[in-house]
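So the structure is just underneath, and the comments pick up after that.
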Amino acid sequence: MASGNVRSQCPYCGVGCGLELIPPALPGQAVKRDAEGNPMWTARGDRQHPSSLGQVCIKGATVGETLGRGRLREPLYRASLDEPFQPITWEQAMDLLVGRIRSTLATKGPDAIAMYGSGQFHTEDYYLAQKLLKGALGTNNFDANSRLCMSSAVAGYTRSLGSDGPPACYEDLDHCTVAFLIGTNTAECHPVLFQRLLKRKKRHPGSVKIVVVDPRFTETAKAADVHLPIAPGTDLALLHGLAHLVLRENGQDPAFIDDHTENYKAFFDLAARWTPRKVARFCNIPEKRLREVAELFHRRERVLSLWSMGVNQRREGTAVVGGLINLHLLTAQIGKEGAGPFSLTGQPNAMGGREAGGLAHLLPGYRVVTNLEHRQEVEQAWQFPAGRIAATPGLAAWQQVEAMERGELDLWWVAATNPLVSMPDLDRVKAAMRRCPLVVVSDAYADTETSHYAHLLLPAAQWSEKAGAMTNSERRVTYCPAYRPRHGESRPDWEVFAEVGRRLGFEEQFSYASAAEVYAEFSQLTAGRLCDVSGLSHALLEAAGPQQWPFPAGASASGEAKRLYSDHHFTTPSGRARFCTDQPMGLAEPPCETYPLVLTVGRYLGQWHTMTRTGKVERLQTMHPKPLLEVHPQDALELQLKDGELAAVSSRRGHITATVKLTECIRRGSVFLPMHWGFTQENACEANTLMHDQACPVSKQPELKACAVIVAPAVSVVKPLEQEAGRLEALRRWFTPALR
Ligand SMILES: Nc1nc2c(c(=O)[nH]1)N[C@H]1C(S)=C(S)[C@@H](COP(=O)(O)OP(=O)(O)OC[C@H]3O[C@@H](n4cnc5c(=O)[nH]c(N)nc54)[C@H](O)[C@@H]3O)O[C@H]1N2
Ligand SMILES: Nc1nc2c(c(=O)[nH]1)N[C@H]1C(S)=C(S)[C@@H](COP(=O)(O)OP(=O)(O)OC[C@H]3O[C@@H](n4cnc5c(=O)[nH]c(N)nc54)[C@H](O)[C@@H]3O)O[C@H]1N2
Ligand code: SF4
Ligand SMILES: [Mo]
């Protein structure tokens with residue numbers, strides 16, 4: 001294990017800051033330890049990392065405190081959910097798992113098996129999961145939590161530009177004249193990027209205008225020159241309305257449109273119908289504000305659009321991404337310094353996952369399963385017979401749940417994600433899991449919500465304990481070394497996937513001596529593709545530091561890969577980017593008389609998702625001691641809600657209770673809850689019990705940003721079912737060695 005300082009990428013958000021890790025024992029000092037007595041590395045910003053230049057936020061800075069506590073140490077098994085877990089050996093776990101895979105293949109076929117993975121995998125984990133499921137087993141039923149996160153961006157880029165791949169880079173924050181932030185609370189969710197923009201604005205007043213489109217007056221909106229608090233779900237109309245005004249004011253770039261785009265005429269006709277008056281009414285904003293923003297979308301400006309979940313998590317997510325890219329095509333704001341549509345990736349390696357083919361319709365190297373040539377290329381590289389990879393997309397995340405409901409899945413393998421907090425309509429997910437004969441959960445930590453509904457728990461070695469690569473939002477790949485010992489019996493996910501492959505008889509395909517070998521195989525499969533990393537290896541990344549792709553074999557760190565499409569040649573069949581012409585639909589579940597409010601669910605600065613890591617840091621717990629239901633004071637008056645008191649929140653799917661926080665930062669008619677607190681947390685607040693499963697038909701990304709609810713004063717806390725009558729405690733005993 002490492003003894004001096006090491007460099008790595010932060011394992012939290014998709015900014016992908018560089019971290020410098022400092023060993024627990026410095027010469028002459030006592031060993032630093034966490035609350036469980038494990039030696040503790042500390043973290044600070046890595047000044048050498050080109051993406052973050054030494055900056056970090058509070059999550060990255062405290063990651064050291066989370067790594068050793070509450071870990072799952074050994075495999076655990078129980079035959080049914082009503083029994084306690086028993087510790088078993090890896091040998092027994094593998095026998096059981098491989099035995100069940102074999103029997104399922106024999107009785108029901110490969111499509112009765114599915115894996116649900118995560119943007120928190122390293123690229124090596126992702127890649128071998130594809131090879132195992134799509135190659136060895138012959139089912140495309142691999143999907144990841146990126147389906148809840150980035151899949152609308154993936155689909156949107158592909159529809160408009162011909163391929164996935166964010167075209168811009170962080171340096172563009174230093175060069176744009178307009179930063180258009182739509183559906184992103186950048187200040188809290190991509191803090192280091194936001195600080196970079198703010199610093200520039202402070203240092204050079206007037207150099208950049210910040211526009212924020214968000215129904216909430218977020219920390220991000222507070223720093224904006226213009227905030228458009230549009231009604232939830234009306235972004236597409238807003239974007240069409242902006243295009244209308246750009247055209248009316250002659251802000252478009254006719255030469256670019258003629259030479260490099262297609263479908264302009266149809267788009268022009270569509271935009272013509274979205275008059276400022278109509279749009280202002282639809283979005284519920286003053287017409288004046290709309291005109292102010294439209295003036296900024298002009299060919300003479302440099303516009304950088306940043307977006308995140310307020311855009312992607314929508315049943316028209318792909319269409320909204322298309323609407324945003326339309327504005328960039330109209331004004332030629334792409335492939336040049338300071339300009340471009342730029343999706344902010346959520347997770348630290350969701351980008352690497354896309355490159356490795358980590359969604360049910362993808363194959364490594366931005367290939368798709370529906371393309372015969374793509375399948376053949378991958379089959380050959382993997383040494384599987386022709387026809388092994390199925391030609392139809394596998395089950396997407398929510399479809400996996402539906403398949404369990406119908407009794408069609410015999411084995412659901414969940415790895416590095418915690419769906420019993422993060423999926424919509426949680427009661428349905430729980431009931432579906434109860435129907436699945438074998439639920440396998442690979443996680444680094446013991447007491448996750450999902451583990452309570454599992455049969456077989458596999459302890460995962462996590463970031464810091466396994467070597468691997470991650471790609472951040474600006475296409476930069478960082479080598480993340482193993483610098484701490486593995487915890488207990490835990491093993492890296494890729495090693496487990498490889499062993500299952502070998503035990504299934506694919507000895508040759510799954511024999512690797514190291515993660516570097518896995519990466520070497522993956523990187524060769526990207527040669528000639530847009531996301532070409534065939535010139536990268538663990539050794540090169542370790543020696544030369546983080547690199548942006550494309551990085552073909554023989555490339556050097558020249559900086560040429562900063563932006564995609566600088567030549568205005570797109571990856572569509574015609575080489576032209578495409579205007580999209582979708583009609584705005586609005587919310588899938590609009591408010592009504594019975595459920596008059598729109599609930600939106602998002603994030604706090606100091607918490608990460610389901611809190612398996614950040615929930616263990618005292619400083620972060622003090623920042624956000626409990627989840628709060630944000631309500632506008634006017635609404636509260638009508639609903640008789642009081643600040644600090646309990647409220648019951650109900651949707652068509654369920655009820656929860658939460659403490660009310662009155663604030664004018666939320667629009668009237670909307671309420672907000674954080675996503676973080678699942679049923680194992682003391683202040684449980686299962687927001688996603690309320691959410692529906694309606695998804696974008698193109699990206700299959702559920703509308704996790706909105707559902708219709710009613711709120712009323714509550715007399716007592718409604719506890720999650722799992723917390724009643726000590727059930728949770730009884731289950732918990734099996735996760736805690738001391739109590740066993
Ligand atoms: N602190 C912290 N940072 C994180 C994470 C975390 O858990 N904690 N998770 C990471 C991940 S995986 C992700 S995906 C990103 C998410 O990053 P963000 O998308 O920035 O975060 P959210 O809070 O989910 O939602 C963003 C905003 O969308 C707004 N919104 C809701 N409805 C609409 C709408 O109809 N239109 C528009 N325009 N906006 C709307 C919400 O009010 C909210 O402020 O954060 C990453 N960074
Ligand atoms: N309503 C609503 N719902 C949402 C969202 C929202 O905005 N609103 N956001 C959605 C989005 S964008 C996302 S990304 C999801 C996130 O939701 P999840 O993916 O469910 O959240 P995490 O807590 O990040 O789960 C990661 C799990 O992996 C474990 N882990 C960490 N490292 C490793 C490892 O190396 N190997 C293994 N095997 N396990 C590991 C952690 O302990 C944790 O249990 O939530 C989605 N759900
Ligand atoms: S901004 Fe994101 S990547 Fe950077 S330190 Fe914070 S959580 Fe980590
Ligand atoms: Mo995400």
Quick check on this structure: which one of VAL212, VAL192 is part of a helix (DSSP H, G or I), among the β-branched types (Val, Ile, Thr) and either touching a residue at least 12 places away in the same chain (Cβ under 8 Å) or open to solvent by less than 10 Å² (accessible area, probe 1.4 Å) (or both)? VAL192
Anything in segment 21-44 that is open to solvent by 10 Å² or more (accessible area, probe 1.4 Å) and either polar (S, T, N, Q) or closer than 26 Å to TYR604 by Cβ (or both)? List them, or say none. GLN29, ASP34, ALA35, GLU36, ASN38, MET40, TRP41, THR42, ALA43, ARG44
May I ask you to say which residue of GLY45, GLY16, GLY64 is within 16 Å of ligand 4 (Cβ to nearest atom), small (Gly, Ala, Ser) and within 23 Å of ARG613 (Cα to Cα)? GLY16
Could you list, in sequence order, all residues of segment 517-567 that are surrounded by 19 or more Cβ atoms within 10 Å (Cβ to Cβ), among the small types (Gly, Ala, Ser) and outside any loop (DSSP other than H, G, I, E, B)? SER523
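Yes or no, residue by residue, for (1) crowded, with 23+ Cβ neighbours inside 10 Å; (2) polar (S, T, N, Q):
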site	(1), (2)
GLN130	yes, yes
LEU137	yes, no
SER146	yes, yes
ALA155	yes, no
THR158	no, yes
GLY162	no, no
LEU181	yes, no
Name the one entry in CYS57, CYS13 that is open to solvent by less than 70 Å² (accessible area, probe 1.4 Å), within 16 Å of ligand 1 (Cβ to nearest atom) and more than 22 Å from GLY468 (Cβ to Cβ). CYS57
Looking at (1) in a helix (DSSP H, G or I); (2) open to solvent by less than 40 Å² (accessible area, probe 1.4 Å), which is the only condition GLU495 fails? (2)
Kindly establish whether ARG100 is surrounded by fewer than 19 Cβ atoms within 10 Å (Cβ to Cβ) and more than 27 Å from LEU193 (Cα to Cα). yes
Given (1) more than 16 Å from ligand 1 (Cβ to nearest atom); (2) open to solvent by less than 40 Å² (accessible area, probe 1.4 Å); (3) assigned to a loop (DSSP other than H, G, I, E, B), number of the condition ASN250 does not satisfy: (2)
Restricting to helices (runs of 4 or more DSSP H) lying wholly in segment 297-385: which have 2 or more residues that are more than 15 Å from ligand 2 (Cβ to nearest atom) and within 21 Å of ARG576 (Cα to Cα)? 317-330
Can we say ALA93 is part of a helix (DSSP H, G or I), small (Gly, Ala, Ser), in the same structural domain as GLU465 (by TED's automatic domain parsing) and open to solvent by less than 10 Å² (accessible area, probe 1.4 Å)? yes
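The values are calculated or read from the model by the stated rules, or taken from the named source; none is laboratory data. Remember, predicted model here, so these are calculated numbers, not experimental data. Here Cβ is always computed from backbone atoms with ideal geometry, including for glycine, and neighbour counts include all displayed protein chains. Side chains are part of the model used for accessible areas, which takes the heavy atoms of the whole protein and leaves out ligands, DNA and RNA. Shrake-Rupley method; radii C 1.70, N 1.55, O 1.52, S 1.80 Å.
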